[in-house]
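Visitor: Please see the structure below; I have some questions.
The values are calculated or read from the model by the stated rules, or taken from the named source; none is laboratory data. Note that the coordinates shown come from a computational prediction; the quantities given were computed from them, not determined experimentally. Note that each Cβ is placed from the backbone with ideal geometry, even for glycine, and that neighbours are counted across all protein chains shown. When the accessible area is computed, the model is the full protein with side chains, heavy atoms only, and any ligands, DNA or RNA have been set aside. Shrake-Rupley method; radii C 1.70, N 1.55, O 1.52, S 1.80 Å.
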Amino acid sequence: MASLSVGEVTNRGSMWELDQNLDRPMDEEAGRLKNMYREKFSSALLLRLAFQSLGVVFGDLGTSPLYVFYNIFPRGVDNDEDVIGALSLIIYTLTLIPLLKYVFVVLRANDNGQGGTFALYSLLCRHAKINTIPNQHRTDEELTTYSRQTYEENSVAEKIKRWLEAHAYKRNILLILVLIGTCTAIGDGILTPAISVLSASGGIKVQNQNMSTNVVVLVAVVILIGLFSMQHYGTDKVGWLFAPIVLLWFILIGSVGAVNIHKYNNSVLKAYNPIYIYRFFRRRWNYDIWTSLGGVMLSITGTEALFADLCHFPVLAIQIAFTLIVFPCLLLAYTGQAAYIISHKKHVADAFYRSIPDAIYWPAFVIATAAAIVASQATISATYSIIKQALALGCFPRVKIVHTSKKFLGQIYIPDINWVLLVLCIAVTAGFKNQSQIGNAYGTAVVIVMLVTTFLMVPIMLLVWKSHWVLVVTFIVLSLMVEVPYFVACILKIDQGGWVPLVIATAFFLIMYVWHFCTVKRYEFEMHSKVSMAWILGLGPSLGLVRVPGIGFVYTELASGVPHIFSHFITNLPAIHSVVVFVCVKYLPVYTVPTEERFLVRRIGPKNFHMFRCVARYGYKDLHKRDEDFEKMLFDCVLFFVRLESMMEGYSDSDEFSVPELGAGGPPTSSASAFLQGEKTCSTMCSNGELSLSSQDSIVPAQSPPLRGMTGSSLLTRCSEGQASSVGDELEFLNRCKDAGVVHILGNTIVRARRDSGVVKKLAVDYMYAFMRRMCRENSVIFNVPHESLLNVGQIYYI
């Protein structure tokens, strides 16, 4: 690197220019790395995943026939047209919401295979600057997985983009909307196991009507404990265990439904004419219509799991399973039940079990009980996915995440959340002891999540898909036409159990919003208090201290600039390590960052300062695995950067080349497909073969082969012939420092509310946030930093 002399800096006459030249953000360092990351699935694997998805995704949706008609007609039924009208409403609700809206539209809005409200939010963050934590840089947009659209100047999409970016309150409203959808989805993950398991265990009273309800609740609690205790085996194993049960269930309800249509009344097939929906509303336009709508709403509970569980399975696998098995079997089941009810109107309360032929009653009962238990798996898996996405985007406290499958990256297990869900499920089950009240709560949670998804899909269709406004209006009108009446029906049942998901969602919303608010304030404090490079240069190569042998990794949330904790450290201690590396670990609104594109490295200041910066970038799907040696990965990155820097010094601008790839945690390989970025732009060579120094202060990456007839290693050898001594000395110096010892310096910024703050703010910051910080995992644990190598630097920030 060609350092700037003091005279040159003085001639420029600007401290700002000095900072910009010596410690600019990672601008060109990121380059245009192209190593396409895609999960590809063979036909056989796709069918296997479609089969597994039955046990994980569709259990909740598939068990709705157990109780839908009873909730539609709680006071009984006395008219055939009411049954046909209710069936018609169920048919077209299933067609419009699960099939058309989710399977064929919303699933397409996935973020490279990731679903849920936060996946939609991350898509929007990439296409508009609406992220409330402004830690992104334009170099992040050059990632392989950072896909985004460009817009024409006066297009509708560009106007909407500018409108969203114009004011901070719009970004906050969008974030609040996402958090509401996320929190109610978590509430869904609590209520689904409660109602499913309680309905399953209630079957033991079939033969003994005198059995106490407390016994049923006790059995339900035991089953819940067993179900949640199995979660650590992972979605892959749980899917293989549950999928055969759910497949048998769908075959059973479809077959029984077809038999009942033929046996009892095939006139119910006229329910496929939507005119009977109009007649149904006209006949029951009073309070009963809202009661009936609340019951119909239960026929699509579990639909949101189709989207939220998308990270566990590819889109095509879920589409195959739903269109070929789930949807046809559900239509046959509901139509068959309607045919039976028309012939046996007094049996509406238990129409499902009474419509089963006597010869297969007990096998059907066993399968139904097992399927009801399995139904909870869909929302449990979805809750894990949602929490992981929220954590990565700075909206949830750091919790332990276990990756349960080596083949499929999205299959995870969160122990802390698992046991919280268990406790809350037991509380709801033991507290209500009533399936109808839990069902009312259940419907409220589901319809709120659906409404949030509908509203988020509008900017997705306009910004990401660039859809015509007519298509957008059609989508939102059809969605709201179905969802708003169901929402009203559920709200009217708040006093009958509908308050439960609202309380649960409010509790999780407070946790997520307070955590996000304080995280943003901490980042703003780091930005505003970062140290000027001019001050660092003024200290000289020794930084005004004794430079002791060793390497100091200073962790910071800043991708540029020197963090305040460093100045706090060196002003209170008389010594600093010979090599200092500022490490920034940041999450981006992408599902993953390929390993070969994860790290960016550059030098800070002149060479004799021995200061570097390393930015480690992760997506919300990426995990810090326990077997990864993060320290070794960082050190190898710095070593490779030094070699790369010397190789690329002195190049001109007539040709480009790629340099060898650095594997995760290992030395450079011979595949010239990616590289770690250095500081000097050395990406080109003169036509006469002479090396010349570029005036830029960053590396411009390239995709062309190195030099004709030369491998990456031979190029490295040739470029470093005149500098082998200096490079070798620096590499030897770095290795000696590593042998002397490595210390990880972590900032421990304590956030406190100002004395003049209100009571609410003090409670949120001084108590809620402080408690969550104490309870959540430390960064040292996440990065597997040895305790004996850890040094915390504390500071207090008042907001």
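Visitor: Restricting attention to region 580-614, which residues are farther than 26 Å from residue 736 by Cβ and of a type in the set (A, V, I, L, M)?
Guide: 585, 588, 590, 593
Visitor: Would you mention how many residues in region 399-419 are modelled with pLDDT of 80 or more and surrounded by fewer than 17 Cβ atoms within 10 Å (Cβ to Cβ)?
Guide: Residues flagged as modelled with pLDDT of 80 or more and surrounded by fewer than 17 Cβ atoms within 10 Å (Cβ to Cβ) within region 399-419 amount to 5.
Visitor: One residue is enough: does region 609-616 have a residue meeting the conditions farther than 23 Å from residue 534 by Cα and either open to solvent by 10 Å² or more (accessible area, probe 1.4 Å) or among the charged types (D, E, K, R) (or both)?
Guide: no
Visitor: Further, regarding this structure: In region 106-116, how many residues are open to solvent by 10 Å² or more (accessible area, probe 1.4 Å) and more than 17 Å from residue 57 (Cβ to Cβ)?
Guide: Qualifying residue count, region 106-116: 1.
Visitor: Tally time: how many residues in region 602-624 are small (Gly, Ala, Ser) and more than 28 Å from the chain's Cα centre (by Cα)?
Guide: 1
Visitor: Being open to solvent by 20 Å² or more (accessible area, probe 1.4 Å) and farther than 30 Å from residue 771 by Cβ: is that true of residue 600 here?
Guide: Details: open to solvent by 20 Å² or more (accessible area, probe 1.4 Å): no; farther than 30 Å from residue 771 by Cβ: yes.
It is false that residue 600 is open to solvent by 20 Å² or more (accessible area, probe 1.4 Å) and farther than 30 Å from residue 771 by Cβ.
Visitor: Can you tell me which residue within region 506-523, out of those that are aliphatic (A, V, I, L, M) and at pLDDT 90 or above, is most open to solvent (accessible area, probe 1.4 Å)?
Guide: Here the residue is 510.
Visitor: Within region 160-187, can you find the residues that are under 27 Å from residue 227 (Cβ atoms) and open to solvent by 10 Å² or more (accessible area, probe 1.4 Å)? Full working, then the answer.
Guide: First, the residues of region 160-187 that are under 27 Å from residue 227 (Cβ atoms): 181-187.
Result: 185, single match.
Visitor: Yes or no: region 59-68 includes at least one residue that is farther than 30 Å from residue 474 by Cβ, open to solvent by 10 Å² or more (accessible area, probe 1.4 Å) and in contact (Cβ under 8 Å) with a residue 40 or more places away in the chain.
Guide: yes
Visitor: Any residue in region 448-467 that is part of a helix (DSSP H, G or I) and in contact with a Cys (Cβ under 9 Å, 6 or more places away or on another chain)?
Guide: Of region 448-467, the ones part of a helix (DSSP H, G or I) are 448-464.
Right, trim to in contact with a Cys (Cβ under 9 Å, 6 or more places away or on another chain) and you get 448.
The answer is yes, given that some residue of region 448-467 is part of a helix (DSSP H, G or I) and in contact with a Cys (Cβ under 9 Å, 6 or more places away or on another chain).
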